[in-house]
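The values are calculated or read from the model by the stated rules, or taken from the named source; none is laboratory data. This structure is a prediction, so every number in the text was calculated from the model and none was measured. Because the Cβ atoms are built from the backbone with ideal geometry, glycine has one as well, and the counts that use them run over all protein chains shown. We work out accessible area using only protein heavy atoms, side chains counted, and drop any ligands, DNA or RNA first. Shrake-Rupley method; radii C 1.70, N 1.55, O 1.52, S 1.80 Å.
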Amino acid sequence: MLTLDGHHRSCSTLRAKVLRVSIVGRLASEGCICAASESKGWQLQRSVYNVVGASLISAGLCSRRSQRAKGAGARARCRAESQCCRPHSGGGASEGATACDSATLTDVGIGAPKLEPCISDVAVGRRQLLPSGFACGCFALPPQCSGEETRRSRLVEVTDPQTYSALAYAPPGASGKLPLIVVLHGAGSNELDVWNLANPQGEHAGLPPSLLTSGTAPTELADNFAVVAPYSAGKRSFYEEPRGRMLRFVDWVCSEAGRQAGCPNVDPTRIFLLGFSDGATVGVELATTRRFAGGVFAAYGFTGDLPALAAERLKDLPIWVFHSADDVIFRVSCSDKLVKTLRTVNSRDVVRYTRYDRDQEGFTGAVRGHSTGITASRQPDIYSWMLSI
């Protein structure tokens with residue numbers, strides 16, 4: 001057996017990958033790791049926590065037979081392809097809890113030429129077997145509105161035929177160009193339509209779309225920001241999506257065609273990312289294009305070291321990271337390493353890190369600690385922070 005980042009994989013699966021990883025490493029050292037826009041991501045060492053997914057099912061959290069059958073089928077396919085990994089044992093590195101580190105914020109230049117996301121040119125073929133912390137409606141918020149139409153009336157559905165459907169929001173009575181938050185959800189079954197994102201009792205409950213529709217969003221969000229939340233329909237998460245397609249979607253939102261389709265009028269120099277779990281991992285990749293003014297990333301899941309070119313491109317970009325030390329799905333060490341790297345390359349103090357000792361939402365068992373997407377989305381401070389950038 002070979003060991004890669006603490007995980008055991010079969011020799012037959014990894015022999016080719018080890019060679020390809022070494023090639024990618026050489027390209028990275030030469031500054032050439034920025035790949036074509038259809039690449040899948042740099043996460044060569046990313047964990048696949050199928051054991052946790054099995055625990056979710058065995059614990060009775062996923063009640064529908066179809067979901068149980070799908071989970072079992074996915075695990076069987078994964079085993080057949082020798083792609084399964086064991087989860088890490090124990091918690092991540094501990095540096096002590098900090099509520100958040102203050103940052104001195106100044107304007108970020110967004111006028112640089114467009115860059116492709118700094119990602120690997122190796123297609124890893126990752127299997128995402130784990131639903132997000134909200135999969136199957138396990139962690140629902142109490143609905144605050146009566147009736148489906150009332151809940152939906154706060155957002156509108158928009159569709160770019162070339163990329164994604166999404167939910168879009170603008171504050172009532174808003175005029176002029178608004179700062180925009182692009183919300184990238186975590187993994188889930190994603191078998192329903194785009195309104196799955198807004199369901200306060202659904203698998204992505206607790207993120208801004210469901211907070212806005214349930215009337216529980218902080219006023220700092222609801223009164224000041226346009227929000228667009230694309231949906232990875234039929235895919236486990238955006239991790240499985242080409243990064244170029246995601247960037248084309250953002251371009252479409254900002255275009256006249258997007259506005260005609262119902263997207264809010266947004267300021268293209270004030271676009272922020274808010275990603276949870278897989279959405280956070282992909283969001284960091286997208287941020288390397290410098291098309292975004294900043295980002296909030298909760299439960300970031302890349303287990304390896306941030307490539308040098310990616311770190312350079314993220315230099316001095318305002319980023320706020322959230323993670324819980326007891327996260328059993330993505331270890332807190334993932335965010336620890338990300339923050340350490342960013343603070344090393346930055347010339348300004350623009351990185352904040354909220355590192356909790358324990359789960360703030362009361363999640364336990366196989367999803368303990370993996371709730372910081374909810375916690376961050378409810379924080380008025382993150383939206384005030386974005387407004388100050």
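Among residues belonging to segment 207-259 that are outside any helix (DSSP H, G or I) and among the aliphatic types (A, V, I, L, M), point out the one that is most open to solvent (accessible area, probe 1.4 Å).
Quick first cut of segment 207-259, residues outside any helix (DSSP H, G or I) only: 207, 215-218, 223-237, 241-242, 255.
Cutting the leftovers down to among the aliphatic types (A, V, I, L, M) gives us 207, 217, 226-229, 233.
Numbers: Leu207: 5, Ala217: 19, Ala226: 0, Val227: 3, Val228: 0, Ala229: 2, Ala233: 64 Å².
By that ranking, first place goes to Ala233.
Within the span defined as segment 289-307, every residue fails to be of a type in the set (D, E, K, R) and touching a Pro at 6+ places or on another chain (Cβ under 8 Å).
Of all residues in segment 302-360, those being among the acidic types (Asp, Glu) and closer than 16 Å to Thr281 by Cα number 3. Taking the stated definitions as given, is Asp326 of a type in the set (D, E, K, R) and in contact with a helix residue (DSSP H, G or I) (Cβ under 7 Å, 6 or more places away or on another chain)? When the stated conditions are applied, Asp326 does not pass them.
Among the residues making up segment 323-340, those that are open to solvent by 10 Å² or more (accessible area, probe 1.4 Å) and of a type in the set (A, V, I, L, M) are Ala325, Val328.
So that you can scan it fast, the table gives a plain yes or no per residue for (1) part of a loop (DSSP other than H, G, I, E, B); (2) touching a Phe, Trp or Tyr at 6+ places or on another chain (Cβ under 7 Å); (3) open to solvent by less than 10 Å² (accessible area, probe 1.4 Å):
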{"residue": "Val296", "(1), (2), (3)": "no, yes, yes"}
{"residue": "Gly304", "(1), (2), (3)": "yes, no, yes"}
{"residue": "Ala311", "(1), (2), (3)": "no, no, yes"}
{"residue": "Val321", "(1), (2), (3)": "no, yes, yes"}
{"residue": "Leu342", "(1), (2), (3)": "no, no, yes"}
{"residue": "Gln360", "(1), (2), (3)": "yes, no, no"}
{"residue": "Ile374", "(1), (2), (3)": "no, no, yes"}
{"residue": "Tyr383", "(1), (2), (3)": "no, yes, yes"}
{"residue": "Leu387", "(1), (2), (3)": "no, no, no"}
